[in-house]
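Structure first, then comments.
The values are calculated or read from the model by the stated rules, or taken from the named source; none is laboratory data. These numbers were taken from a predicted model, which means no experiment stands behind them. Glycine also receives a Cβ, built like all others from the backbone with ideal geometry; neighbour counts cover every protein chain displayed. Only protein heavy atoms, including side chains, enter the accessible area calculation; ligands, DNA and RNA are left aside. Shrake-Rupley method; radii C 1.70, N 1.55, O 1.52, S 1.80 Å.
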Amino acid sequence: HAGQVVGLSYTAANATYRAFLWEKGIMTDLGTLGGANSSASGINPAGQVVGVSNTAEGTWHAFLWEKGVMTELGPAGEATEAFSPIGINPAGQVVGESIVPGIGFSRHAMLFAKGVMTDLGTLGGNISVASAINPAGQVVGSSSTVGYEPSHATLWTRK
């Protein structure tokens, strides 16, 4: 969003860090999902912010912050602690990466839209990441080919 910056900042005692929104010289602490730490990674033109926060139990969960309210991403019961959001477009579609269970060390690019998490897959390897999504829903990122081979630039588009 024009003139807005998101990220993380350590607290005064440097014991914890918090997601923040900076605008016109004012830094706003976005809070947490009940734990001590949070970090923001993306913002869209509507001022919606995505990131991760730990809960009171200490697990990390993805969040969406909007108009002063931080909510966990994903439908109830979904294991969202493994989802790391990176970007959000004007329509509120969120991209990032998530651990894929049962495949050893494997992280896949993910798209979260309208309450549904979609695995964007890889170019044949074990690792991919979605870095940004434009207003048309096109996703850019990178993917490995075989195993953990070097990553290649990737563009995901709707079929």
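Restricting to segment 39-66, and then to whatever is out of contact with any Asp or Glu (no Cβ under 9 Å at 6 or more places or on another chain) and of a type in the set (Ser, Thr, Tyr), can you tell me which residue is farthest from ALA2 (Cα to Cα)?
The selected residue is SER39.
What single numbered condition from (1) modelled with pLDDT of 95 or more; (2) surrounded by 19 or more Cβ atoms within 10 Å (Cβ to Cβ) fails to hold for THR122?
Only one criterion is unmet by THR122, namely (1).
Restricting to segment 103-125, name every residue that is more than 22 Å from ALA62 (Cα to Cα) and touching a residue at least 24 places away in the same chain (Cβ under 8 Å).
LEU123, GLY125 - these are the residues of segment 103-125 that are more than 22 Å from ALA62 (Cα to Cα) and touching a residue at least 24 places away in the same chain (Cβ under 8 Å).
Give the number of residues within segment 8-28 that are open to solvent by less than 90 Å² (accessible area, probe 1.4 Å) and either at negative phi or modelled with pLDDT of 95 or more (or both). Please lay out each step first, then the result.
Taking segment 8-28 as the starting set, the residues that turn out to be open to solvent by less than 90 Å² (accessible area, probe 1.4 Å) are 8-9, 11, 13, 15-21, 23, 25, 28.
The next check asks that each one be either at negative phi or modelled with pLDDT of 95 or more (or both); those that pass are 8-9, 11, 13, 15-21, 23, 28.
Residues meeting the conditions: 13.
I need the full set of residues from segment 89-107 which are modelled with pLDDT of 85 or more and open to solvent by 20 Å² or more (accessible area, probe 1.4 Å), in order please. Spell out how you get there, then give the answer.
First pass over segment 89-107, keeping only residues modelled with pLDDT of 85 or more: 89-98, 107.
Result: PRO90, ALA91, GLY92, GLN93, GLU97, ARG107.
Can you name every residue in segment 24-75 that is touching a Leu at 6+ places or on another chain (Cβ under 7 Å) and under 14 Å from GLY87 (Cα atoms)?
Of everything in segment 24-75, those that are touching a Leu at 6+ places or on another chain (Cβ under 7 Å) and under 14 Å from GLY87 (Cα atoms) turn out to be SER39, ALA40, GLN48, VAL49, VAL50, ALA62, PHE63, LEU64, TRP65, LEU73.
Which of the residues that make up segment 63-83 are open to solvent by 60 Å² or more (accessible area, probe 1.4 Å), of a type in the set (A, V, I, L, M, F, W, C) and at pLDDT 60 or above?
VAL69, the sole residue that qualifies.
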